[in-house]
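A short write-up of the structure that comes next.
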Amino acid sequence: MQFGFGLMVLPMPIILRILYSVLAFAFAGSVSGQTEFESSYFPYGGVPESKPDFPISPAIERIYDDYPAPQPEFNELFSNFKYTPLQGLDYHNHDGTLSRRDPSKVIRVNGRYYVWYTRRHSNSPPRGASGGTDVIPSFDWDLAEIWYATSEDGFTWKEQGVAVKRPPKPKAGWRSVSTPDILQWDGKFYLYYQAFLEMPGTRGDFCPVTVSVAESPDGPWRYVDDIVVKNGPDGTWDQFVIHDPYPLVYRDKIYLYYKSQLGAEPKAPMWGLAIGEDPLGPFEKYPLNPITNSGHETGLFPFQGGIAALVSRHGHEHNTIQWAPDGVRFEIAAMTAVMPVAPGPYVPDAFTNTTDGRGITWGLSHFRGQGGKGRKHSILARFDCDLSQDVDDPDMKNTDIFVRPEVYFQFGLTPRQKRERTMPPPSGSD
Ligand code: AAL
């Protein structure tokens with residue numbers, strides 16, 4: 001809708017903004033004395049626990065209306081993240097031929113922690129879309145298998161071996177199987193994963209999501225020859241990419257979150273949800289997908305009566321922890337920094353159908369681009385946090401984060417930027 005202003009035609013949103021500014025100005029004028037007077041009485045002694053009943057600024061309104069607690073230190077969904085290298089996993093001297101990445105959520109079975117992940121063991125490091133061949137990986141997750149490791153304490157891990165191998169051509173996954181996540185349902189275990197039918201990078205990063213099933217977390221895993229989360233129809237947001245399948249049991253059903261991408265460059269990954277009553281499907285896509293506007297690799301957990309999400313990379317709301325009271329209506333609950341990439345949290349109540357999710361305190365994640373040029377690979381690491389109703393760790397609630405200069409200098413200018421920025425200013429501008 002548009003409104004005419006003499007000869008000028010202005011769009012509706014601009015008209016509304018002008019109206020708002022005029023009204024706000026008039027209002028501020030009429031109460032200006034009072035506002036200045038009241039504001040000088042905003043109390044000392046910490047942020048008031050409940051919303052003051054005198055006029056406050058929009059920024060102060062937000063801390064009461066938009067966050068679970070007015071101070072991050074008391075917000076159960078705010079946390080720092082601390083990282084520890086894992087013991088027990090070897091990387092071939094970091095020569096790029098062995099990579100581990102995209103860990104599943106961690107679960108505990110018979111007193112042991114289990115994790116599944118993408119493992120690439122190839123003759124050569126990845127050589128990019130144009131360098132990939134039948135035996136040379138294009139990307140870090142090409143020519144991969146799904147392996148698993150177990151741990152007694154979450155710090156030292158023992159790699160146990162392969163869980164899902166690549167099936168023979170032309171079955172889904174013949175080129176690579178990657179990025180698994182785990183579901184425990186009715187006494188059985190289900191691994192959902194990306195099953196590439198072509199080299200990643202051929203047309204993008206397209207692959208269907210399929211599933212393998214086992215009676216025990218140690219396998220053997222039976223390949224179910226079916227695509228469980230289908231691509232959307234042509235022209236829709238998830239017509240190509242369905243990545244990072246991530247199942248939770250919620251409201252008596254399987255809530256399987258996934259990531260797709262609205263376009264190629266700039267990347268616009270967002271998350272969708274598909275809901276099923278049987279681990280083998282059908283999974284029905286939630287009609288309002290995408291249900292986040294940001295986020296790359298999925299990482300979620302039941303929290304209180306809803307679902308919380310670690311939204312680390314990409315989009316307006318990157319570096320946030322979000323919460324949806326119904327698993328769908330996600331809102332920002334906290335902003336944070338240095339979040340785990342590809343988080344696989346330890347979620348004790350992932351499959352209990354809980355209505356009072358207790359939260360998480362640690363998990364595994366990955367670091368990409370290790371080894372330097374020509375040796376690129378990823379490693380798994382542990383992250384710790386306090387996103388739990390049962391833990392109260394003030395050392396995880398710091399909003400004053402300092403990072404070493406080397407980390408800043410890692411974000412150096414590109415050669416183009418350097419060139420352009422060291423050029424003398426155009427003549428006559430002095
Ligand atoms: C990741 C995930 C998916 C992508 C690639 C490997 O971290 O989002 O798994 O395909 O990158």
Residue, nearest to the ligand (Cβ to nearest atom), within the stretch 357-372, restricted to residues that are more than 30 Å from Gly327 (Cα to Cα) and in contact with a Lys or Arg (Cβ under 8 Å, 6 or more places away or on another chain) = Gly369
Conditions: (1) surrounded by 23 or more Cβ atoms within 10 Å (Cβ to Cβ); (2) under 24 Å from the mean Cα position of the chain (by Cα). Gly154 meets all but one. Number of the miss?
-> (1)
Members of the stretch 359-371 found to be touching a residue at least 40 places away in the same chain (Cβ under 8 Å) and either under 25 Å from Asn289 (Cβ atoms) or buried (at least 19 other Cβ atoms within 10 Å of the Cβ) (or both), listed by number = Gly359, Ile360, Trp362, Gly363, Leu364, Ser365, His366, Gly371
First in the stretch 324-340 and within 21 Å of Trp362 (Cα to Cα), second anywhere and β-branched (Val, Ile, Thr) and surrounded by fewer than 15 Cβ atoms within 10 Å (Cβ to Cβ), Cβ under 6 Å, 6 or more apart | Ala337/Ile401
Identify, from the list Arg375, Arg404, the residue that is closer than 29 Å to Asp95 by Cβ, away from the ligand (no atom under 16 Å from the Cβ) and touching a residue at least 24 places away in the same chain (Cβ under 8 Å).
-> Arg375
Filtered residues of the stretch 132-169 (kept if of a type in the set (A, V, I, L, M, F, W, C), over 15 Å from Asp102 (Cβ atoms) and touching a Pro at 6+ places or on another chain (Cβ under 6 Å)) | none
Among (1) within 16 Å of the ligand (Cβ to nearest atom); (2) not in a strand (DSSP E or B), where does Asn293 come up short?
-> (1)
Residue list for the stretch 318-353, filter: crowded, with 19+ Cβ neighbours inside 10 Å, away from the ligand (no atom under 16 Å from the Cβ) and closer than 23 Å to Phe402 by Cα | Thr320, Ile321, Ala333, Ala334, Thr336
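Filter the stretch 124-149 down to the residues that are within 16 Å of the ligand (Cβ to nearest atom) and either of a type in the set (Lys, Arg) or not in a loop (DSSP other than H, G, I, E, B) (or both), then identify the one that is farthest from Pro168 (Cα to Cα). Break it down into steps so the answer makes sense when it comes.
Of all residues in the stretch 124-149, those within 16 Å of the ligand (Cβ to nearest atom) come to 125-126, 128-129, 132, 137-147.
If we keep only those that are either of a type in the set (Lys, Arg) or not in a loop (DSSP other than H, G, I, E, B) (or both) as well, we get 144-147.
Values: Ala144: 14, Glu145: 13, Ile146: 15, Trp147: 18 Å.
Here the residue is Trp147.
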Between a first residue in the stretch 219-237 that is free of Cβ contacts under 8 Å to residues at least 40 places away in the same chain and a second residue that is among the β-branched types (Val, Ile, Thr), which pairs have beta carbons less than 7 Å apart while being 6 or more apart in sequence or on different chains?
-> Arg222/Val213; Asn231/Ile242
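Yes/no per residue for (1) closer than 15 Å to Tyr246 by Cβ; (2) charged (D, E, K, R); (3) under 18 Å from the mean Cα position of the chain (by Cα); (4) not assigned by TED's automatic domain parsing to the domain that holds Ile182:
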position: Ile332; (1), (2), (3), (4): no, no, yes, no
position: Met339; (1), (2), (3), (4): no, no, yes, no
position: Pro345; (1), (2), (3), (4): yes, no, yes, no
position: Pro348; (1), (2), (3), (4): no, no, no, no
position: Arg358; (1), (2), (3), (4): no, yes, no, no
position: Ser365; (1), (2), (3), (4): yes, no, yes, no
position: Gly372; (1), (2), (3), (4): no, no, no, no
position: Lys376; (1), (2), (3), (4): no, yes, no, no
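The values are calculated or read from the model by the stated rules, or taken from the named source; none is laboratory data. Just so it is clear, the structure is predicted and the values come from calculations on it, not from any experiment. Reconstructed Cβ throughout: ideal geometry from the backbone, glycine too, with neighbour counts over all protein chains shown.
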